[in-house]
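Participant: I'd like to ask you about the structure that follows.
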Amino acid sequence: MPDPGGENEIVMFKSCFPNSNLEGNPDDPPAPGGDSLTVSNAKYIYNDLLKYFATRPDKLFVVITAPPVQDPTFADNARAFNTWLVRNWLAENGYTQRNVAVFDFYNILTGPNNHHRYRDGAIEHITDRGGNTAAYPTEDDHPSSAGNQKATVEFVPWLNVMVHCWRGDGGCP
């Protein structure tokens, strides 16, 4: 394919499944923690990212949550953190620009009836019809083909809505 030229307009990033092993407690507030993999430190890092995102309204930043693991040790923390990203992160920071969106890959992979998708003219984020661990695991915690296929079916229409919202040529959920 030929080089489309120019800078990327959409920047997507995702952490790998080990980042679902967040220590601490589900309701811990944001706090710097150095190299600690805790709920507090993760919230702090994401809050800090918003400072940069605010300087680049010409880019759409898509956060894709880390997939779940099979070990239930920190599963409640992972659920709480990812739900915070989707439902509270931007609002708690007073972030009103349309250039940041969060796709809950974690949630989709925790049960066949958990969803994060665009459906019937609205974003549907169902988190209570599965567990907090990987429902589509492989032997090493990477999502299975079935899990990735489910996520793709939900992600593509969701992303289309987010792009049109950011560009201002479509409704924003």
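Participant: Which one of ASP27, ASP3 is open to solvent by 60 Å² or more (accessible area, probe 1.4 Å), under 27 Å from ASP141 (Cα atoms) and acidic (Asp, Glu)?
Facilitator: Numbers: ASP3 fails: under 27 Å from ASP141 (Cα atoms).
From the options ASP27, ASP3, the qualifying one is ASP27.
Participant: So, one more: For ARG129, state whether it is outside any strand (DSSP E or B) and either at pLDDT 95 or above or in contact with a helix residue (DSSP H, G or I) (Cβ under 7 Å, 6 or more places away or on another chain) (or both). Even if it seems obvious, please write down each step before you answer.
Facilitator: Working: outside any strand (DSSP E or B): yes; either at pLDDT 95 or above or in contact with a helix residue (DSSP H, G or I) (Cβ under 7 Å, 6 or more places away or on another chain) (or both): yes.
Yes: the conditions hold for ARG129.
Participant: Still on this structure: Here are the criteria: (1) surrounded by fewer than 22 Cβ atoms within 10 Å (Cβ to Cβ); (2) assigned to a loop (DSSP other than H, G, I, E, B). Tell me which single one TYR52 does not satisfy.
Facilitator: All conditions are met except number (2).
Participant: Within the stretch 132-160, how many residues turn out to be of a type outside the set (S, T, N, Q) and assigned to a loop (DSSP other than H, G, I, E, B)?
Facilitator: Qualifying residue count, the stretch 132-160: 9.
Participant: Just to check your reading of the model, which residue among THR83, THR65 is modelled with pLDDT of 95 or more and touching an Asp or Glu at 6+ places or on another chain (Cβ under 6 Å)?
Facilitator: Working: THR83 fails: touching an Asp or Glu at 6+ places or on another chain (Cβ under 6 Å).
None of the other options fit; the residue is THR65.
Participant: Determine whether PRO29 is touching a His at 6+ places or on another chain (Cβ under 8 Å), assigned to a loop (DSSP other than H, G, I, E, B) and not aromatic (Phe, Trp, Tyr). Working first, answer last.
Facilitator: Details: touching a His at 6+ places or on another chain (Cβ under 8 Å): no; assigned to a loop (DSSP other than H, G, I, E, B): yes; not aromatic (Phe, Trp, Tyr): yes.
So PRO29 does not fit the description; no.
Participant: While we're here: Would you tally the residues in the stretch 148-173 being of a type in the set (A, V, I, L, M, F, W, C) and more than 15 Å from the chain's Cα centre (by Cα)? So that I can check it myself, show each step before the final result.
Facilitator: Taking the stretch 148-173 first, the residues of a type in the set (A, V, I, L, M, F, W, C) are 151, 153, 155-156, 158-159, 161-163, 165-166, 172.
Adding the requirement that they be more than 15 Å from the chain's Cα centre (by Cα) leaves 153, 161, 163, 165-166, 172.
Counting residues in the stretch 148-173 that are of a type in the set (A, V, I, L, M, F, W, C) and more than 15 Å from the chain's Cα centre (by Cα) gives 6.
The values are calculated or read from the model by the stated rules, or taken from the named source; none is laboratory data. As the structure is a computational prediction, the values presented were derived from the model and not from experiment. All Cβ positions, even for glycine, are placed from backbone atoms using ideal geometry, and neighbour counts span all protein chains on display. Ligands, DNA and RNA are stripped out before the accessible areas are found, and what is left, the full protein with its side chains, is counted by its heavy atoms. Shrake-Rupley method; radii C 1.70, N 1.55, O 1.52, S 1.80 Å.
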